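J.: Before we start, here is the structure in question, set down as structure tokens.
The values are calculated or read from the model by the stated rules, or taken from the named source; none is laboratory data. Just so it is clear, the structure is predicted and the values come from calculations on it, not from any experiment. Backbone-built Cβ (ideal geometry, glycine too); neighbour counts: all protein chains shown. Each accessible area value is taken on the protein alone, full model and side chains, heavy atoms only, with ligands, DNA and RNA left out. Shrake-Rupley method; radii C 1.70, N 1.55, O 1.52, S 1.80 Å.
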Amino acid sequence: MSKLKVAVIGAGFMGKTHVENLRRLGFVEVAAVAGITQDEADRFAAAHYIPRATGNYKELLADPEIVGVHVCTPNALHAPVAKDALTAGKHVLCEKPLAMSAKEAKEMLDLAEKKKLCHATNHNLRYYPAVQQARAMIANGDLGEIRVVQGTYSQDWLLYDTDFNWRILRKHNGPLRVMGDIGSHWMDMIQHVTGLSITALCADLKIIHKTRKQPKVAIETFAGKTLTPEDYNEVKIDTEDFGMAMLHLGDNCRGAYTVSQVSAGCKNRFEWLIAGSKASISWNQEKPDELWIGERNVPNRLLLKDGSLYYPKAASYADYPGGHSEGYDDAHKQLYKRFWSRVMDRSLPIEYPTFADGLRGMQLLEAVIESNKKKAWVKCAPAKGKK
Ligand SMILES: NC(=O)c1ccc[n+]([C@@H]2O[C@H](COP(=O)([O-])OP(=O)(O)OC[C@H]3O[C@@H](n4cnc5c(N)ncnc54)[C@H](O)[C@@H]3O)[C@@H](O)[C@H]2O)c1
């Protein structure tokens, strides 16, 4: 059987991650890459042995052999690129946050449905095996009624005012930075794992660096370069470095989380604790194979990733034996595997986040904006079919 030919649009941190993990599937070929310029695409293609490179993604959309694309560009380009790809009849897996607004996300979803094409939002972090085990435990009632969720997603790569990236600027990123960039993952995952919808929230955002030193040349995400004065311009900042939100989920659950890109020592500290009427569980992305299980009357325990000890649904996300770590890249692979398998066989269930999930994420982010502006609670309609 011939491989599915797929193009990756965006030649940065995510472009590389998508290429590497697409190749692990075996049944997908990375046929082409598009960058912001021909030169960027050529360099990326040479480094990753990709046969075709272009500075104009539209050229790839005109190729009938390419069945779909991964959109790995800055956020402002997700909607225009994805809509062009859908219009050209390509399946689309798009990075998060799905769009710059709920309106844009809805247009993407409507177009994908109209064209009957497969669509996914890359909330890959759902697919760590331990996260899927937590989800299966909750679905099985092991925790009892879910009452409290708590957590954070904290990073330090924008700690100094000399740290800069396209995400700092609204025009490339959208109106929310830390909330959109990593808060979107936190809200998506807590709903995915608990099965509950966020029904109301009260948010507060803080710009810690009122100005930052913007390099005169672009710097790749997480590059960690130290700038000297002749390298930068001082610019006013209008996106938040820190955010927090209190939440209502479902009928009875309450919670709160913080997000930060200025917390020294936190690299990708994405963690949550979910407390039910019988037991609690907690997970931290920086130790992805460990699931902490807490009970009142017996000793707490640490469940190390081991598919043979997991519920069957979760076990299918653990491709390696217990004790062999499965991390960030594996979570990407699990999502792509399910997405592209479904492109090949439309009778398979949808076991990945779609544009509907991306739209839901954008609606929640708009609730965050409204709440922060009004300094008040904002109601959020539950996700379709959810409490
Ligand atoms: N799911 C995750 O875990 C995760 C992690 C990081 C980033 N992301 C998302 O991935 C996206 C990209 O982030 P990144 O960290 O890779 O950024 P990056 O800056 O490292 O890479 C972005 C790339 O897009 C290219 N680009 C810009 N305009 C383009 C155009 N018109 N055509 C083709 N390429 C163009 C840039 O030149 C650059 O190569 C963002 O939406 C971000 O939110 C997701």
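J.: Among MET14, MET362, MET108, which one shows the biggest mean-square fluctuation in a GNM of the chain, springs joining Cα atoms closer than 10 Å?
T.: Answer for the Gaussian network model of the chain: MET14.
J.: A further question on this structure: Taking the Cα centre of segment 233-333 as origin and charging only Cβ (+1 Lys, Arg; -1 Asp, Glu), how large is the dipole, in debye to the nearest 20?
T.: Here the size comes out at about 440 debye.
J.: I would also like to ask the following. Nearest 0.05, what FRET efficiency do GLU370 and ILE208 give at R0 = 35 Å with Cβ-Cβ as r?
T.: That gives a FRET efficiency of 0.95.
J.: If you plug each phi of segment 306-322 into the Karplus form 6.51 cos²θ - 1.76 cosθ + 1.60 with θ = phi - 60°, what whole-Hz ³J(HN,Hα) values come out, in order, with x for Gly and Pro?
T.: With coefficients 6.51, -1.76 and 1.60, one gets 7, x, 6, 9, 8, 4, x, 4, 6, 4, 6, 9, 10, 8, 10, x, x Hz.
J.: Quote the accessible area belonging to LYS206 in square angstrom, nearest 10, computed with a 1.4 Å probe and with ligands, DNA and RNA left uncounted.
T.: Roll a 1.4 Å probe over it and LYS206 shows about 100 Å².
J.: I need the phi-derived Karplus couplings for segment 189-201: 6.51 cos²θ - 1.76 cosθ + 1.60, θ = phi - 60°, integer Hz, Gly and Pro marked x.
T.: 5, 5, 6, 5, 6, 7, x, 9, 9, 6, 10, 7, 8
J.: Now a separate question. Calculate the radius of gyration of the Cα atoms of segment 245-387 to one decimal place, then report Dmax, the largest Cα-Cα distance, as a whole number, both in Å.
T.: 18.2, 50
J.: Based solely on its DSSP helices, what 222 nm [θ] is calculated for the chain when runs of n ≥ 4 H residues each add -39,500 (n - 2.57) and the sum is averaged over all residues, nearest 500 deg cm²/dmol?
T.: It comes out at -9000 deg cm²/dmol, rounded to the nearest 500.
J.: In segment 228-307, if every C-alpha pair distance is counted and binned at 5 Å from zero, what percent goes to each bin?
T.: 3, 10, 14, 16, 17, 14, 9, 5, 4, 4, 2, 1, 0
J.: Show me, bin by bin at 10 Å from 0, the whole-percent P(r) of the chain based on Cα pairs.
T.: So the P(r) values, bin by bin, are 5, 23, 32, 27, 11, 2, 0.
J.: Something else: Looking at the chain only, what percent of DSSP beta bridges run antiparallel? Nearest 5 please.
T.: 60 percent
J.: Beyond 20 Å, how much of the Cα-Cα pair distribution for segment 307-387 remains, as a whole percent?
T.: For segment 307-387, the fraction of Cα-Cα distances above 20 Å is 56 percent.
J.: A further question follows. I need the calculated FRET efficiency for the pair LYS3 and LYS103, taking r as the beta carbon distance and R₀ as 30 Å, to the nearest 0.05.
T.: Between LYS3 and LYS103 the formula returns 0.25.
J.: Within segment 1-44, which trypsin sites (Lys or Arg not before Pro) sit in a loop by DSSP and count at most 15 neighbouring Cβ atoms inside 10 Å?
T.: Sparse-neighbourhood loop trypsin sites (Lys or Arg not before Pro): LYS3, ARG24.
J.: With a cap of 14 neighbouring Cβ atoms within 10 Å, and only residues DSSP puts in a loop, list the chymotrypsin sites (Phe, Trp or Tyr not before Pro) found in segment 1-73.
T.: PHE27, TYR49
J.: While we're looking at this one, here's another question. Using amide H atoms built in the peptide plane, which far-off residues or other-chain residues are under 5 Å from VAL262 H to H?
T.: For VAL262, the qualifying residues are GLN155.
J.: Any idea how far apart VAL217 and GLU20 come out in nm if each label point goes 7 Å out from Cα toward Cβ?
T.: Going by the 7 Å Cα→Cβ label model, 2.4 nm.
J.: Suppose every Lys and Arg Cβ carries +1 and every Asp and Glu Cβ carries -1, with no other charges. What dipole size does the chain come out with about its Cα centre, to the nearest 20 debye?
T.: Dipole of the chain, to the nearest 20 debye: 940 debye.
J.: Calculate how large, on average over all directions, the projected area of the Cα convex hull of segment 1-91 is; give the answer in nm² to one decimal.
T.: It is 5.3 nm².
J.: Whose amide H sits under 5 Å from the amide H of ASN56, counting only residues 5 or more places off or on another chain, with H placed in the peptide plane?
T.: Here the answer is GLY35, since their amide H atoms fall under 5 Å of that of ASN56.
J.: For segment 357-374, in order, what is each residue's ³J(HN,Hα) by Karplus, 6.51 cos²θ - 1.76 cosθ + 1.60 with θ = phi - 60°, in whole Hz (x at glycine and Pro)?
T.: Listing the rounded values in order: 5, x, 5, 4, x, 5, 5, 5, 5, 5, 5, 4, 4, 5, 5, 5, 5, 7 Hz.
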